[in-house]
Amino acid sequence: MATLSSTIFILSLLIFATFTSACGPCEPKPNPTPKAPPVNPFCPRDTLKLGVCGNLLGLVNVALGSQVTSPCCTLLEGLADLEVAACLCTAIKANVLGIVKLDIPVALSALVSACAKKVPTGFKCG
């Protein structure tokens, strides 16, 4: 009788231990919050060379879906969207494009999209 009761006791301890530690703390893991772009993104290109990008603002007949091959896009090739936005923002603010009056958000969006890139969500040029 002692072996039967000790066997039942050991089995009940095993079952209890299995169910109580099966899911750890059993708390839902929080979803990671999306990261905002860095406050001061870095442009790895020479800003003065970006003066060639001013010509893209004059393009009117750019077919959607067609790849624009320009000295500006070639210069920015291989960069991430954030780096492209940072480079063009710096060029616009430093007025290396040779255009005095620009609506910065519109010009930035036009230049970035002309090179088949996107302005990252939350990016501010100003």
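Side notes on the structure shown:
- First in the stretch 84-100 and of a type in the set (Ser, Thr, Tyr), second anywhere and open to solvent by less than 10 Å² (accessible area, probe 1.4 Å), Cβ under 8 Å, 6 or more apart: 90/50
- Test result for residue 111, open to solvent by less than 30 Å² (accessible area, probe 1.4 Å), within 15 Å of residue 51 (Cα to Cα) and in contact with a helix residue (DSSP H, G or I) (Cβ under 9 Å, 6 or more places away or on another chain): yes
- Members of the stretch 92-105 that are closer than 13 Å to residue 56 by Cα and not in a loop (DSSP other than H, G, I, E, B): 92
The values are calculated or read from the model by the stated rules, or taken from the named source; none is laboratory data. Remember, it's a predicted structure, so these values are computed and weren't measured experimentally. Using ideal geometry, Cβ is built from the backbone for each residue, glycine included, and neighbour counts are taken over all protein chains shown. Ligands, DNA and RNA are excluded from the accessible area calculation, which covers all protein heavy atoms including side chains. Shrake-Rupley method; radii C 1.70, N 1.55, O 1.52, S 1.80 Å.
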